[in-house]
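The values are calculated or read from the model by the stated rules, or taken from the named source; none is laboratory data. Because the structure is a prediction, the values reported are computed rather than measured. When we count neighbours, we look across all protein chains shown, and the Cβ atoms used for this are built from the backbone with ideal geometry, even at glycine. Please note that ligands, DNA and RNA were not included when accessible areas were found on the heavy atoms of the full protein model with its side chains. Shrake-Rupley method; radii C 1.70, N 1.55, O 1.52, S 1.80 Å.
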Amino acid sequence: MKIGEALRKERIKLGLTQDQMCAGILSRPFYARIESGKNRINAESLFKILLEHQVDLVEFCDLIQDDYTSEERKVEKQFKMNLAVSAKDTEALDKYCQQIMNSSNNEVLKLRALITSAYFKGETDKIDVEIRTKIKAEFDGGNNWLERPDLLRLLANTMPMWPQDELDFLIGRLLDFAKKSELSELTTERYLRLLENYLVVCYDRKVHKKTTHFDHIDDAMEYIIDATESFHLMIYRIEVFYMKALFLDQMDKAKEIRHDLGVLGYKNFIASWPE
């Protein structure tokens with residue numbers, strides 16, 4: 001909601017005329033044009049009006065936040081949601097999912113929140129056909145999803161609902177693109193997160209035990225190891241060694257890696273790793 005719309009909403013709630021709302025601060029004609037979106041209001045006049053009529057500033061900011069918040073800030077709630085996922089905190093996960101569904105105009109972000117919540121509650125089978133169709137439509141050839149951060153995040157969060165053959169096709173495209181392209185460190189890390197989600201989904205589905213299935217498990221592991229020379233990306237390499245131990249049924253080795261990371265203070269961070 002724009003500032004003018006929010007002022008009008010608050011004025012009507014207070015039962016005031018435009019003259020009463022801006023008295024002693026702005027002329028009524030000028031104020032009327034603010035409400036209609038034709039004029040801008042400076043910060044000093046805005047705060048004078050809000051404070052004069054004891055409008056709750058937090059509630060007012062809530063009204064306008066979607067129209068004046070950057071995309072990076074809009075995903076802040078999703079970041080909090082990611083922390084809840086890592087810690088397997090289903091209560092916090094539900095809370096942040098609901099906040100996103102209620103306050104965001106970003107349809108891709110809403111889809112991510114919905115699928116993530118459903119996955120951790122074991123309810124992906126309840127996602128209706130319309131939502132599945134809407135998600136798949138985002139990955140057609142025209143959307144250039146390989147270079148769009150919002151769609152890379154969407155794929156990472158919705159993997160559990162994709163049939164394995166379709167998921168393998170998308171991951172194959174991503175790996176081909178990654179190997180041929182000069183990626184920034186930020187984009188590389190997005191790819192690493194996505195590929196590690198792929199490994200987890202494959203493990204959960206026991207894909208590695210279906211010898212006739214064409215998958216990209218080894219290719220994904222190889223890419224992650226090659227791309228994690230930087231120290232701050234090392235956790236992705238460690239997770240690959242952990243996942244490799246699981247795929248090979250080397251459970252003692254996997255437990256040792258988990259234990260060592262727990263001792264180092266990463267217990268909550270790795271809580272969502274499969275066992």
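Laid out as a table, the results:
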read-out	value
Per-region count, the stretch 38-60, residues open to solvent by 20 Å² or more (accessible area, probe 1.4 Å) and part of a loop (DSSP other than H, G, I, E, B)	8
Residue check for residue 224: within 26 Å of the chain's Cα centre (by Cα) and assigned to a helix (DSSP H, G or I)	yes
Qualifying residue in the stretch 160-169 (condition: modelled with pLDDT under 85, within 14 Å of residue 190 (Cβ to Cβ) and open to solvent by 10 Å² or more (accessible area, probe 1.4 Å))	no
Meets criteria (within 12 Å of the chain's Cα centre (by Cα) and modelled with pLDDT under 70) for residue 112	no
Options 186, 195; residue that is within 23 Å of residue 145 (Cα to Cα), of a type outside the set (Asp, Glu) and open to solvent by 30 Å² or more (accessible area, probe 1.4 Å)	186
Residue count, the stretch 19-37 (criterion: closer than 30 Å to residue 102 by Cβ and open to solvent by 40 Å² or more (accessible area, probe 1.4 Å))	2
Check on residue 232, in a helix (DSSP H, G or I), in contact with a Cys (Cβ under 9 Å, 6 or more places away or on another chain) and at pLDDT below 90	no
Residues that are surrounded by 18 or more Cβ atoms within 10 Å (Cβ to Cβ), of a type in the set (Asp, Glu) and under 15 Å from residue 273 (Cα atoms), drawn from the stretch 211-256	239
